[in-house]
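Some notes on the structure that comes next.
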Amino acid sequence: MTRSRRPLIAGNWKMNGLRADALALAKAVADGVKRSSWGDREVLICPPAQLIGLVADAVRGSGVLVGGQDCHPAANGAHTGDISAEMLRDAGAGHVIVGHSERRTDCGETDAIVRAKAEAAWRAGLLPIVCIGETLAEREAGRTLAVLESQLKGSMPVGATAARLVVAYEPVWAIGTGKTPTTSEVAAAHAHIRRVLAGLTPDAGLVRLLYGGSVKGSNAAELLAAGDVDGALVGGASLKADEFLAIAKAAQSG
Ligand code: PEP
């Protein structure tokens, strides 16, 4: 990990948290970050949309960043139940996850939709974290790198640069399962992603690539030390302040 790619540890709370729990968790993360000496990395939490304002207020001044978990491509309009990037920004978000595999699966999101969401994030002034990753069947068929390449090419908006976008590699079979690829498999996937990025952005070497999938305090140092890994996208373990802070701390030595 070079100094030019500032480590990013992002927590995806998914559909978890009521106001009281969210407040306690956000404050505990903010306190941990304030007590730390981690000037060299970014810590981001992505609560459910209705908690963004509350969480943004709770972490203000701590350096902890706040993001959304998804956004609609449009700025407003007749899209019942959806939320726009502008609304996330207005609520206090600076980042947004797009193309998470749970949305690709649950909501049928295609690469083209993910790309439109990343463009919406730019329109609103948010930094999109574009997620890609292979399923178990794709991995077993030996198609991992081909799938990553095709998802990346389909999901990346034209005009992407390192300052405007983060990519998260999340093998679908590793999310929430306790299973992880080996560090050499992670490094090979990230190296391939960076090679593909070279054809899509002028500064591929500076784009931050996060690994996501069953990252926890006990495996974070190893996964974060893998080649071309610039941080982590963390689901389950981001719901426990101690675990999440341990992951953020591990980025130090990555
Ligand atoms: C995720 O949902 O992005 C994720 C990586 O989940 P988990 O850490 O629980 O595997």
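Keeping every protein chain in place, order GLU42, GLU102 by accessible area at 1.4 Å, biggest value first, i.e. largest first. Let's see the in-between values first.
Numbers: GLU42 40, GLU102 65 Å².
Largest to smallest exposure gives the sequence GLU102, GLU42.
Indicate the gyration tensor shape class of region 82-197 (rounded, prolate or oblate), computed on the Cα atoms with a ≥ b ≥ c the square roots of the eigenvalues: a/c under 1.5 is rounded; otherwise a/b larger than b/c is prolate and the rest oblate.
Numbers: a/c = 1.98, a/b = 1.65, b/c = 1.20.
Because a/c hits 1.5 or more and a/b exceeds b/c, region 82-197 counts as prolate.
For region 1-114, which whole-number percentage of the solvent-accessible area (1.4 Å probe, protein heavy atoms only) is attributable to carbon and sulfur atoms?
52
Please give the length that would be gained between ALA74 and ASP21 if that part of the chain were fully extended, namely 0.36 nm times their separation in residues minus their C-alpha to C-alpha distance (nm, one decimal). Present the calculation step by step, with values, prior to reporting the outcome.
On the way: separation 53, 0.36 × 53 = 19.08 nm, distance 3.11 nm.
Roughly 16.0 nm would be gained on extension.
In deg cm²/dmol and to the nearest 500, what is the mean residue ellipticity at 222 nm of the chain if only DSSP H runs of at least 4 residues count, each as -39500 (n - 2.57), divided by the residue total? Mind dumping the intermediate values first?
Details: 10 runs with 103 residues, N = 254.
About -12000 deg cm²/dmol.
Given Cα pairs under 8 Å that are at least 6 residues apart, what percent is the relative contact order of region 167-235? Show your work: numbers first, answer last.
On the way: 108 pairs, mean separation 29.4, N = 69.
This gives 43 percent for region 167-235.
Restricting the calculation to Cα positions, tell me the Rg (one decimal) and the Dmax (whole number) of the chain in Å.
16.7, 48
Might you report the magnitude of the Cβ-based charge dipole of the chain about its Cα centre, with Lys and Arg at +1 and Asp and Glu at -1, to the nearest 20 debye? Don't skip to the answer; put the middle values down first.
Working: 27 positive and 26 negative charges, 106 e Å.
Approximately 520 debye in magnitude.
The values are calculated or read from the model by the stated rules, or taken from the named source; none is laboratory data. All figures in this text were calculated on a predicted structure; none of them were measured in a lab. Please note: Cβ atoms are built from the backbone with ideal geometry, for glycine as well, and neighbour counts cover all protein chains shown. Note: areas computed on protein heavy atoms with side chains; ligands, DNA, RNA excluded. Shrake-Rupley method; radii C 1.70, N 1.55, O 1.52, S 1.80 Å.
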